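The values are calculated or read from the model by the stated rules, or taken from the named source; none is laboratory data. Worth saying up front: this structure is predicted, and the values here are computed from it rather than measured. Here the Cβ positions follow ideal geometry from the backbone for every residue, glycine too, while neighbour counts run over all protein chains shown. Only protein heavy atoms, including side chains, enter the accessible area calculation; ligands, DNA and RNA are left aside. Shrake-Rupley method; radii C 1.70, N 1.55, O 1.52, S 1.80 Å.
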Amino acid sequence: MNALKVKNIRKTFRLSKKQRKIEQTSIKKKIAVDDVSFEAKPGEIFGLLGPNGAGKTTALRCIATLIKPDEGDIIVGDYSALKESTEVRKRIAFLTNELKLEDHFTPNYLFQYFSRLHGIDEATIKARRQRLFQRFGIDKFQEVKVADLSTGMKQKISIAIALVHDPDFIVFDEPTNGLDVMTAKTVTDYLVELRNEGKTIILSTHILHVVEKLCDRVGIIIEGKMKAYGILEDVIQTSSDGTLETLFFDLVKEEAGEVHG
Amino acid sequence: MDNMLTIFKKEMYRVLTDRRLILTIFIMPGLAIFVMYSLIGTLVQNQATAVEEHTIILYEENMPDAIRLYLEQLSDESNEQRIHIEFRDQRDYDEETLKAYVREGDIDIVLLFEDDFHEKILNYTDEEPPTLTVFYNYGRQQSSFSYNNIMPVIEYYRNTYLIERLEDPAYYQVFSVQYVEGIVDERVLSGQMMAMMLPMLIVIFLFAGAMSIGPDSIAGEKERGTIATLLVTPIKRREIAFGKVLSLGMLSFISALSSFVGIALSLPRLMQMDDSGVSYAIYTMTDYVVIFSILIATVLVIVGLISVISAFAKTIKEAQMFIMPFYFITLIIGIVTSFGAEPSQSMWVHFMPIYGAVNLLSGVFTFQWLMINYVIVLVSSVVYTMMFIYALTLMFNDEKIMFQK
Ligand SMILES: Nc1ncnc2c1ncn2[C@@H]1O[C@H](COP(=O)(O)OP(=O)(O)OP(=O)(O)O)[C@@H](O)[C@H]1O
Ligand SMILES: [Mg+2]
């Protein structure tokens with residue numbers, strides 16, 4: 001299986017009046033992702049670390065074929081996310097932290113619905129559902145409406161639904177955000193399991209210890225620019241005191257200095 | 001195709017398993033119409049009873065004795081279904097004065113027979129038929145009531161005398177009828193007006209039904225972020241657009257059927273009092289098929305429009321706000337068609353989305369419609385729906401619309 005390669009992508013948004021007011025700027029364009037490149041390999045977890053508004057979600061959406069970068073290319077395995085989006089969609093999972101499942105449906109229904117949209121046969125759907133629901137402890141709640149479930153359970157259902165087609169590439173945007181320790185551990189443990197199966201995993205986060213514990217490779221993105229990138233240990237090496245935390249704060253400060261000074 | 005069906009089913013399931021939605025879109029419209037029409041029916045019925053006891057003031061000139069005799073029998077005390085008639089026959093009124101009297105209600109009906117009317121009927125040949133001029137004011141119940149009770153007598157007279165000499169009297173127009181159009185009393189709702197109001201009510205309920213589910217189905221996906229999960233599946237955007245529009249169409253159609261049932265159930269009460277105008281029983285199978293197909297076509301256009309608007313909005317609330325102006329336009333269309341002039345027969349009118357269909361519906365309800373306009377409405381509705389679905393497909397493909405901030 002081939003790696004996932006992000007090659008010099010750039011994404012610019014035109015800011016609406018409202019956005020300009022919120023961000024207190026008169027500039028009409030915002031470069032959300034600025035010449036970003038990285039590579040995620042099968043059997044590895046890549047962590048995209050960055051503060052709020054750094055461009056993480058934008059970069060991940062580009063990989064998931066939901067939006068198109070203005071420049072650059074993204075190769076997912078053997079296909080270009082820009083030119084062969086349908087092929088990429090068959091092989092990729094995308095989970096955003098902005099997702100709220102539809103209240104009215106049961107986990108069972110939603111799993112089946114998205115499985116069918118992926119063209120999976122009923123026998124496989126049943127087998128996969130059983131496996132994933134058991135793994136996440138959803139089976140007891142499979143006929144309960146989403147509205148009546150806890151935040152943690154909802155997130156676990158969202159993850160199961162994102163994985164209905166057993167994809168080789170998994171792109172998760174802040175998958176443990178807002179979860180309690182127990183649920184967060186279930187999620188990260190499962191990501192490790194998927195890595196060991198040889199999947200290519202990309203996740204974004206602004207939480208340092210998630211990266212430290214989980215990731216093989218890391219990229220630090222600030223204001224749309226990739227400030228540090230490489231194997232986790234190598235990146236930590238470049239820090240003045242040998243911790244990821246110091247490196248991260250130094251990079252954020254440096255960027256802030258460039259912007260304001 | 002399979003994917004479209006999957007989406008279709010999911011949208012159907014969403015609504016059909018939600019008790020609150022079932023109540024608001026399937027039960028409420030029918031119930032509201034039923035209550036409203038039954039109420040109006042009862043009110044007008046009371047008025048109608050009062051009218052039946054009214055004494056008809058009839059003014060005539062040169063009335064053949066035979067007719068007079070029938071009418072006198074009709075108003076005879078021994079007659080069980082007796083109608084009170086008071087004859088007036090001053091000879092010194094000109095037509096304008098008579099019209100004024102009819103308009104103001106001093107006289108209910110005027111029958112001006114040509115000189116020697118009876119002789120002319122007896123000696124009727126292919127030449128100019130003798131004329132009977134009738135003035136009545138259909139805006140006044142007493143006057144309509146008079147017209148409806150006296151015209152059959154004249155018809156009977158005509159047939160009796162002609163049938164002796166001609167095989168098919170219906171074929172000959174023996175006299176012409178002319179009426180004075182009075183100012184319609186707004187409190188008096190005639191059956192005609194009821195029929196005219198139906199298209200408005202149906203379209204408004206259609207729109208309201210579609211409006212209560214469309215935003216959730218499309219803008220809701222954006223608001224919840226589920227649109228990303230949907231768009232990252234390998235299905236075609238066209239399939240999403242078709243699935244959404246067709247399911248919404250189906251649901252709105254059921255909602256419209258509900259209003260239909262409401263109408264059908266309240267009709268009997270409406271019929272009783274309806275002595276002046278249209279009887280629903282005389283609609284033919286063809287009429288029903290036409291009505292049914294116009295409804296489907298209209299549903300699709302409305303749902304297509306609402307879907308496109310919903311796709312623009314970021315949230316359900318915003319979608320509802322964006323749809324409001326279109327709802328008002330539809331309301332205005334409905335009101336104009338119901339209370340305005342007769343339904344237009346112009347082809348151009350029928351090319352207009354929604355308005356054309358409402359106009360045609362109103363025409364069908366009042367028996368004034370043309371096949372060509374029916375075809376225009378159907379074909380143009382399909383074209384509009386396809387355009388909306390195409391636009392929706394483009395929007396699902398447009399990241400600026402799907403992921404705007
Ligand atoms: N569709 C859009 N239109 C306009 N601007 C956008 C859009 N999407 C993102 N942006 C802007 O681009 C920048 C990066 O946003 P992005 O959501 O990618 O950041 P993030 O790293 O995911 O932040 P967070 O941690 O808050 O999720 C922000 O300034 C944001 O306002
Ligand atoms: Mg984000």
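For peptide A:97-107, compute the average count of partner chain beta-carbon atoms within 10 Å of each residue's beta-carbon. The partial results should precede the final answer.
Values: counts 1, 6, 6, 5, 4, 7, 1, 7, 4, 0, 0.
Taking the mean over all residues of the peptide, I get 4.
Sparsely packed loop sites in segment A:4-56 (the GluC sites (Glu not before Pro) outside DSSP H, G, I, E and B with at most 14 other Cβ atoms within 10 Å) comprise A:23.
Counting Cβ atoms of other protein chains within 10 Å of each Cβ in B:10-20 and taking the mean gives 2. Separation of segment A:1-78 from segment B:332-405 is 43 Å, based on Cα centroids. The long axis of helix A:244-260 is offset from the longest Cα principal axis of chain A by roughly 50 degrees. Using a 7 Å offset from Cα along Cα-Cβ at residue A:78, what residues in segment A:148-170 end up with backbone N under 19 Å from the label point? Only A:166-170 pass the distance filter. Rolling a 1.4 Å probe over the protein chains gives residue B:118 an accessible area of about 50 Å².
Please list the equivalent ellipsoid semi-axes of chain A, computed as the square roots of five times the alpha-carbon gyration tensor eigenvalues, in descending order and whole angstrom. Write out the running numbers ahead of the final one.
Values: eigenvalues 198, 83, 76 Å².
For chain A, the semi-axes come out at 31, 20, 19 Å.
What the Cα convex hull of the protein assembly as shown gives, in volume per residue, is 204 Å³. Of all aspartates and glutamates in the structure, those lying under 14 Å Cα to Cα from residue B:405, and not within fewer than 8 positions of it along the same chain, are A:23, A:98, B:223, B:318.
Highest mobility in the GNM of chain A, judged by mean-square fluctuation with C-alpha springs under 10 Å and restricted to A:226, A:153, A:182, is found for A:182. A Förster radius of 22 Å, combined with the Cβ-Cβ distance separating residue B:391 from residue B:236, puts the computed FRET efficiency at roughly 0.90. Rounded to the nearest 0.05, what FRET efficiency is calculated for residue A:238 and residue A:177 with R0 set to 35 Å and r the Cβ-Cβ distance? Result of the calculation: an efficiency of 0.85. Estimated purely from DSSP H runs of n ≥ 4, each contributing -39500 (n - 2.57), the mean residue ellipticity at 222 nm for chain A is -12000 deg cm²/dmol once divided by its residues. Computed from the C-beta positions of residue A:23 and residue A:124 and an R0 of 51 Å, the FRET efficiency is 0.65 to the nearest 0.05. Put a dot 7 Å past the Cα of residue A:14, heading toward its Cβ, do the same for residue A:197, and the two dots end up 4.3 nm apart.
Please list B:91, B:68, A:14, B:237 in order of solvent-accessible area, largest first, computed with a 1.4 Å probe with all protein chains present. Let's see the in-between values first.
Numbers: B:91 140, B:68 60, A:14 180, B:237 20 Å².
Final ranking, largest accessible area leading: A:14, B:91, B:68, B:237.
Association of chains B and A removes close to 2700 square angstrom of accessible area from solvent, both sides included, for a probe radius of 1.4 Å.
Per residue of peptide B:229-240, the mean number of Cβ atoms on other chains within 10 Å of the residue Cβ is 6. With all protein chains kept in place, the per residue accessible area of the protein assembly as shown amounts to 47 square angstrom at a probe of 1.4 angstrom. In segment B:368-405, the residues whose accessible area drops by at least 10 square angstrom when the other protein chains are added to the isolated chain are B:399, B:403, B:405; the probe is 1.4 Å and only protein heavy atoms count.
What is the extension gain from residue B:264 to residue B:375, computed as 0.36 nm multiplied by their sequence separation minus the C-alpha to C-alpha distance, in nm to one decimal?
Additional length available on full extension: 37.3 nm.
Which of the aspartates and glutamates could a cross-linker span from residue A:11 if the Cα-Cα distance has to be under 14 Å and same-chain partners fewer than 8 positions apart are dropped? The qualifying aspartates and glutamates are A:34, A:35, A:70, A:71, A:73, A:223, B:399. Angle check, please: helix A:122-136 long axis (alpha carbons) against the longest principal axis of chain A (alpha carbons), in degrees 0 to 90, nearest 10. Approximately 60 degrees, to the nearest 10.
Rolled with a 1.4 Å probe across the full set of protein chains, the surface gives residue B:216 an accessible area near 40 Å². In chain A, the portion of solvent-accessible area held by carbon and sulfur atoms comes to 48 percent [1.4 Å probe, whole percent, DNA, RNA and ligands not counted].
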